[in-house]
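Okay, structure first, notes after.
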Amino acid sequence: QEVPLLEGVTVRAENNPTVEEGKYKKDAPWVIGMSSFGVNANTWTVQVAHEAQAAADRDKRITKFVLLDAGFDQKKQVADIEDLIAQKVDAIIVQPVTSTSANASIEKAIAAGIPVVLHTGRIESEAYTTEIQGGAEHFGKVMGDFLVKELGGKGNIWVLRGLAGHPEDANRYNGLKQSLEGTEIKIAAEEHGDWQYDKAKKVCETLYLNDPNVAGIWSSGADMTRACVDVFKQFGAAIPPISGEGNNGFFGQWIADGFKSVSSEYSPAQGAAGIRAAVALLEGKALHKHYDYNPPGWDLEKVKKYYRDDLSANVWWPSELSEEQLKEFYAKQ
Amino acid sequence: MSALVNSTLFRRVSKVPPSYYLLVVLLVILFVARPQMLNANVLGVFVRQVVPLGILVLGQLLVMRVKSIDLSGGGVILLINYCISSGIFPGASLGFYVVLALATGLVIGLFNGVMVAKRRVSAVIVTLALSIVLIGFVQYLSSGKPPGDVPKIFAELFNTRFAGLPSPVVFWIALTALMALLLSQTVFGRFVTAVGESMPAAHFSGVPVERTVILAHTLAGLMAAIAALVQTASIAVGSVRVGLDLPILSVAATILGGVVFGRGEGGVWGPFFGVLCFAFLFVVMTMFGVGDAGKLVAQGLIILFAAIFYGLRADK
Amino acid sequence: MNFSSSTFGKLLTGRGSRQGLWLLPFAIALAMALWLAVTTSQFGQWSNLANLVAQGMPLLITAVGQMFVVLVGGLDLSIGSVVSFTTAILALDLPGYVTIPGVFLFAGLIGATNGYCITRLNVHPIVATLSMQYVVLGITRVLRPVSGGTVPEGVRWLVEGSLFGLPLPILWGIATLLVAWKLLYGSRYGLHLFAIGGGVAACSDDAARNFGIPASRNILLAYVICSLFAALAGVFLAGRIVSGDPNVGLLMELDAITAVAIGGTQLSGGVGSLHGTVIGVVVLALLSNGMNLLNVTPFVQTAVKGILLMAVVALQSRKKIGL
Amino acid sequence: MSHLIEMAGISKAFGGSVALRDVSLTLAPGTVHALMGENGAGKSTLMKILAGVHQPDSGEIFRAGRAVSFANPRAALAAGISTVFQELSLLPNMTIAENMFLGREPVGRLGGIDRRRMREETKGALARLGLTLDPDTLVSELSIAERQFVEIAHGIDADADVFILDEPTAALNAADVEVLNRHIRALREAGKAIVYISHRMDEIFAICDVVTVLKDGQRVGTRPLSEMAPASLIAMMVGRELEDLFPERGEGEGAAALSVSGLRLQMDSTPFSFTVRKGEIVGFAGLEGQGQQKALRALVGQFAPVEGTVSRRGETVRLPVPKESGVRRWQALGGAFVPEDRKDEGLFLGHSVGQNIVAALHAARPALKAAKRYGAVIAETMRRLNVKASGPSAAVGALSGGNQQKVLLGRYLATDADLLLIEEPTRGVDVGAKAEIYRILRDFAKAGGAVLLLSRETVELIGLCDRLYVIHGNTAVSEMRAAEATEHGILDAALSA
Ligand SMILES: Nc1ncnc2c1ncn2[C@@H]1O[C@H](COP(=O)(O)OP(=O)(O)OP(=O)(O)O)[C@@H](O)[C@H]1O
Ligand SMILES: Nc1ncnc2c1ncn2[C@@H]1O[C@H](COP(=O)(O)OP(=O)(O)OP(=O)(O)O)[C@@H](O)[C@H]1O
Ligand SMILES: [Mg+2]
Ligand SMILES: [Mg+2]
């Protein structure tokens, strides 16, 4: 009786201990705490918070859902988790800021008998109870494989990375490196666009004016793909194959302009999956320690199914938000 | 060393704000390495990238001339971006948004000015705190309604050209010229100079010190609002996060341009070229494939060396 | 009796003293603590108070350091990078007896470079230290592109352990304050810092020099001290996050400056106090801890923080206009 | 060698302008050596060289026969040369005791500062000057005269053989000067050499033994004062006989230019009234700190009295007026206010002479109007006040004290104000320039203007004014015609109130 956490989530095959049944069983009502690495980092993280909140609201046994925001600050995350422990919440969900900074406080939580669910970011310690991890390498590799296929294994590409120093950025990049191994594809330029539209646009403009000949672009996702496509359109140039991720604005652009692309999946509904995992632990169900979230990339067909012309660019797919919530949050003006 | 420092040539050269020769150096590098880039089209694109910063600097230099500082620009930009992109004003026209933005900037600048000049609160802290309030306000609003799309007209305007140059660049130059006129030709400009040199002396000369500081801050708020409009047009989508580095960068560009707290030897064009320096620094480093870490180091060292060269002038 | 010349009036408005306006923020900190103690059950618990001390410690250490340069009318924007840099060095695969002296050596050099550029090469503090922020951050990113590594076990103990039943962070705090107190109030050096700052604030940079105080050397030393404190905060943080991280110090300089200013220290120099800085740190720490305990949603936390900050500073009016 | 100090062939130029040319000076023990000369003659520069502030371009300094050179003030002090500088240089955020000991604080156990000793010694030093100030008071809380005293105490308390007093009395009144003089005599008895710079003739003759006169950076001569009379000394300084220091008084009494009634400065003080008529120069006399300055500053909002009413040009203004807008309001009513502290309140030291002169003219116009150039006004003002500067673009901070004062006055004369409030019209101004300023003020009154001023120099009040109000205990205790007033009479009026 596997607990359904999220579509696309699988149980990791090897080295996967189980959390014994009933270990964290507790009678409802529950208070669940969540330490986010940064709720207000971008529109995707905002949606993760909404998805988590919505999932908590749907479960009437959760009387209180405490969401704390580290604002990308490791120190604050440590303090946040300590504050959640001090409040004696029943379970803690952690989106770690970095792979190490929260380790000590997660250990403290476990020592205090509070289960810790980890998602959207791995840590170097094993102290947590269970984790759902969208593999950032996988994410980057889906994009990389696409480029390798499109380019027939050779040519110059640009690499648009995310926020420097962020583990997610480094891991996605490692995924790309795996794809490129053994091919003749060369990285002609590599820049950090911080996953933001304006920075990425600046980078792309500069790269284009420096040397417009590029066979393909590996973009680490978020709003950077849209920025890069806009640059090529602005210069009236043909858009080379470029990778992207599940953003409604990007989908619209892809459909309208018909360039070659792939969309790696990294659902904001992982926020809801975290809640479900915490609930399962509190219900006393047996869970595995490691869950992987490595779905295949999306092609134009799938994208067309999800794309919503009536919603704004800032929705991320797939989502578990209800139709009303989608309309409330994202209706186009 | 001291002979060099004392030579007349050095003195004359060092009177020039660092931004001028830094810009020349960057352009020379660009000319040597990528001569094809030195045309109005390409340069225009690069310059367009820093127009929001450039407009922010126009306000910053004004408040720095009266020994104050404005770090609230980040918050202003975020708030105005949110107002435009969230659709809380359905069906509003471009004119409405412009008026809304200017009014917002005006109120925020006025608030800063009153807090600094009347309440006599530390400008660093009050403008930083206001920025935090504004960012927090947007975060609060966006939990109810996340930002969405920016009306198409913004992006369309942003991409137009005027006299062969991108319109935002032309707009920035015009605004800078206006600010230069304001400071050099009006009584207000004299007030700013007087207040910057000595507030008590200005007061006893009959200069309305508080009003001058308030007006400077109000204008800075307006500039931040205009910068926000341009920035929003350039992103064309809503955002929940802006770097606090924009205001700090605007301070650095202003100082590179020869304007420090109280003194304004670089006038308005010094900081203007300071901003251009940032634009071309980025371009040159990207061109040479300098990585992120290297960019940081190079940017730091170059700003420092420019400032040292300027600071070494004999008549300190 | 004229209010502002009464003893209490003077204390309240900070007139006739160079300690700055610390009484109001003190009252605010007290009120916040009382309110939290009454409205939440967890606030007063020993474990929460211990957390609070540990959470506030890096800010306390950096703010105390920052105060030295603010007193001479300067600012140090590079301390956040120094903190990150320190954690990165400590997480290198080297023994602690190499890395720990190493970080202080580097920090001293960074501070000395800042001070040298500012005093001898006449560079504005904002520009000098902002450049240094970039340079040090860049080097840190090379050393440690993403967070990771492990710091020596001893460092972790220094932060999490306890001695004679006292959690060690408390001892860090006491040691920091003792050192700072001695430097500021128990030595000629500290007095000279105030004097130099007074001259700078009165726009006569040479005033202190005319008294035969070697102003440049003292200011340079203030930047060294500031940097050393930042390194100390870095060691503490490394012990807390048990790894090296290139971004851990991001924006810490602004928090430190904010804390210093809330405590009544004037950014133009010459006026301020150590206890004021402690109060500023306490206000910020209580704000963050209190909102978590009160379950304020993250979507309004920033706004609340800003408004409270605004309220604290709005009460602190001074005579001077500007920075 | 009987000389403590010998300065030989000292020359000094700042940029292009020569401040001193081949000046020699010897200081003998047990003498008070007056240094006289017009504003900008180079007195302060010469003393700053002796004090280690500036280094001479050429020339030598001998200390007890041995050639020395001082890199900074500290070195000079170590060599036994102590200076009270002309421009106040105390640090406002430090206490009196800290200022007294700055740079040479006594160190107690554990390397801490021996504050108790600092306090005790400061108290002693202040007491010797007849002051009862608390050593822990911040200097920013002191009045100008008190600061001046602290500065003097700082200078003369040092363990030195040579004392330089550069216009120590500029901010002091007659009684204070007497206290200082007693001190100087004591130093002389102790065999010290004292250099005394002042523009007040009476002081020079009362205390000094020898005088050296400088003119345009060159030494005119050195004479024993016993051979000199005021007139001959002035002639030596100015290069001509000065016929009369004070211009003739005005005659008629015009309509009231200003009338103040019911001015109550403090809760416990008696309200008083005063008027200034067109064509009249009126002075506030009395002992230092009795309310003269408060009364004047109350009119422009810089002091908040309890109550009072001002009538001016048919408008009635109730006091107190807001601090912020007081000066502007006063100017809008055709008045001007010249502050006493030219360094901190008056001048833009980093700005040019021209900018300083036109500041008030700009201020009278709306902020968004185009700024006028005022080239003619600047030239005319500099000519009228005989400002010695290389030109309108010279930085005011580099001018001598007296010329700075003229520029300050010029700023307000350049406006079309018809009522001047002046604190200390001639602070630190040489006799020649004093006469010029007196003449200018009198001409101003003759042309229908009115002047209300206060001064610590009673002689000046008597000579210059038409009418005097003696202020004591925050109220006017007596009103007298200046022509009939005497120093004794004023003191009598003040003290018998
Ligand atoms: N730091 C300086 N830079 C440039 N010029 C200076 C400087 N100090 C003094 N001077 C010039 O040197 C000349 C002599 O000035 P000094 O201050 O010695 O005059 P003074 O005799 O003391 O006059 P006063 O009686 O007005 O104080 C003046 O012309 C003055 O402008
Ligand atoms: N140039 C002027 N001509 C005539 N009257 C003036 C002028 N400037 C100011 N006033 C008057 O002086 C008074 C004070 O003016 P001022 O602008 O200095 O006040 P304020 O308190 O500084 O104003 P704000 O509230 O704008 O700061 C007002 O009554 C105004 O009418
Ligand atoms: Mg005003
Ligand atoms: Mg002089």
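Every number here is computed from the coordinates shown, using simple stated rules; none is lab data. Keep in mind it's a predicted model, so treat the numbers as computed, not measured. Cβ sites come from the backbone with ideal geometry, for glycine too, and all protein chains shown count toward neighbours.
The distance separating the Cα centre of the stretch D:47-115 from that of the stretch D:240-304 comes to 40 Å. Computed about its Cα centre, the charge dipole of the protein assembly as shown is approximately 1580 debye, with only Lys, Arg, Asp and Glu carrying charge at their Cβ.
Taken about its Cα centre, the stretch A:5-146 carries a charge dipole of about 340 debye when Lys and Arg each add +1 at the Cβ and Asp and Glu each add -1 at the Cβ. Of the residues B:Ala227, B:Ala103, B:Ala163, the one that moves most in a GNM of chain B with alpha-carbon contacts below 10 Å is B:Ala163. Annotation for the stretch D:326-405: chymotrypsin sites (Phe, Trp or Tyr not before Pro) lying in DSSP loop with at most 10 further Cβ atoms inside 10 Å of their Cβ do not exist.
Of the beta bridges in the protein assembly as shown, as assigned by DSSP with both residues counted there, near 45 percent are antiparallel. Under 5 Å between amide hydrogens, built in the peptide plane, is the criterion, and for D:Val195 it picks out D:His33, D:Phe163, D:Ile164, D:Leu165 among residues at least 5 positions away or on other chains.
From helices alone, chain A scores -12000 deg cm²/dmol at 222 nm; the rule is -39500 (n - 2.57) for each run of n ≥ 4 DSSP H residues, then divide by the residue total. The mean number of partner chain beta-carbon atoms within 10 angstrom of a residue's beta-carbon across peptide B:113-123 is 5. For the residues of C:238-251, the average number of beta carbons from a partner chain within 10 Å of their own beta carbon is 6. Dimensions of the stretch B:9-313 based on its C-alpha atoms, expressed as ranges along the principal axes with the largest first, amount to 60, 56, 38 Å.
Quick check on my link table: of C:Lys319/D:Lys369; D:Lys323/D:Lys388; A:Lys25/A:Lys108, which ones sit more than 25 Å apart, alpha carbon to alpha carbon? Too far apart for the 25 Å limit: C:Lys319/D:Lys369; D:Lys323/D:Lys388.
Among C:Thr99, B:Thr186, A:Thr98, a tally of other beta-carbon atoms within 10 Å of each Cβ gives an order, fewest to most, of B:Thr186, C:Thr99, A:Thr98. Each semi-axis of the equivalent ellipsoid for the protein assembly as shown is √(5λ) with λ an eigenvalue of the Cα gyration tensor; in descending order they amount to 67, 34, 31 Å.
Structure remark: mean-square fluctuation, Gaussian network model of chain B, C-alpha springs under 10 Å; the largest value among B:Gly113, B:Gly91, B:Gly44 belongs to B:Gly91.
Considering only the other residues whose Cβ falls under 12 Å of the Cβ of D:Ala190, what net charge follows from Lys and Arg at +1 and Asp and Glu at -1? Spell out each step's value before the answer.
Values: positive: D:Arg185, D:Arg188, D:Lys192; negative: D:Asp159, D:Asp161, D:Glu189.
Net of charged neighbours comes to 0.
Computed over Cα pairs, the Kirkwood radius of chain D leads via Stokes-Einstein (0.692 mPa s, 37 °C) to a diffusion coefficient of 138 µm² per second.
Taking only DSSP H segments of four or more residues, each worth -39500 (n - 2.57), what value at 222 nm results for chain C once the sum is divided by all its residues, to the nearest 500 deg cm²/dmol?
Theoretical 222 nm ellipticity from helices: -23000 deg cm²/dmol.
Here is the list for the stretch D:373-427: trypsin sites (Lys or Arg not before Pro) lying in DSSP coil, each with at most 10 other C-beta atoms within 10 angstrom of its C-beta, are D:Arg373. With Cα atoms defining each centre, the stretch B:42-72 and the stretch B:128-161 are spaced 19 Å apart in the structure. Sites listed here are chymotrypsin sites (Phe, Trp or Tyr not before Pro) in the stretch C:147-224 whose DSSP assignment is loop and whose Cβ has at most 12 other Cβ atoms within 10 Å: C:Phe164. Cα centroids of the stretch D:380-413 and the stretch D:194-222: 24 Å apart.
Considering helices alone, the calculated mean residue ellipticity of chain D at 222 nm is -10000 deg cm²/dmol, with DSSP H runs of length four and up weighted by -39500 (n - 2.57) and normalised per residue. When only the Cβ of Lys, Arg, Asp and Glu is charged (+1, +1, -1, -1), the dipole of the stretch B:9-313 relative to its Cα centre reaches about 520 debye. Candidate cross-link partners of A:Lys154 among the lysines, defined by an alpha-carbon separation under 23 Å and a same-chain spacing of 8 or more, comprise A:Lys141, A:Lys177, A:Lys186, A:Lys260. Taking the fewest neighbouring Cβ atoms within 10 Å as the starting point, the ordered list for D:Thr83, D:Thr45 is D:Thr45, D:Thr83.
Among B:Gly267, B:Gly291, B:Gly238, the largest mean-square fluctuation in a Gaussian network model of chain B, built with springs joining Cα atoms closer than 10 Å, belongs to B:Gly291. Dipole of the stretch B:9-313 (Lys/Arg Cβ +1, Asp/Glu Cβ -1, origin at the Cα centre): which of B:Pro90, B:Pro146, B:Ser184 lies farthest to the positive side? Checking the options against the dipole of the stretch B:9-313, the answer is B:Ser184.
Think of the stretch B:9-313 as having a plus end and a minus end, set by charges on the Cβ of Lys, Arg, Asp and Glu; of B:Met199, B:Val230, B:Val251, B:Met199 sits farthest toward the positive end of this dipole.
Of all lysines in the structure, those lying under 16 Å Cα to Cα from A:Lys23, and not within fewer than 8 positions of it along the same chain, are A:Lys285, A:Lys289.
Suppose a student asked you for the relative contact order of the stretch C:56-251, using Cα pairs under 8 Å spaced at least 6 residues apart; what percent would you report?
49
For the stretch C:56-251, the ratio of Cα radius of gyration to the globular rule of thumb 2.2 N^0.38 Å stands at 1.04.
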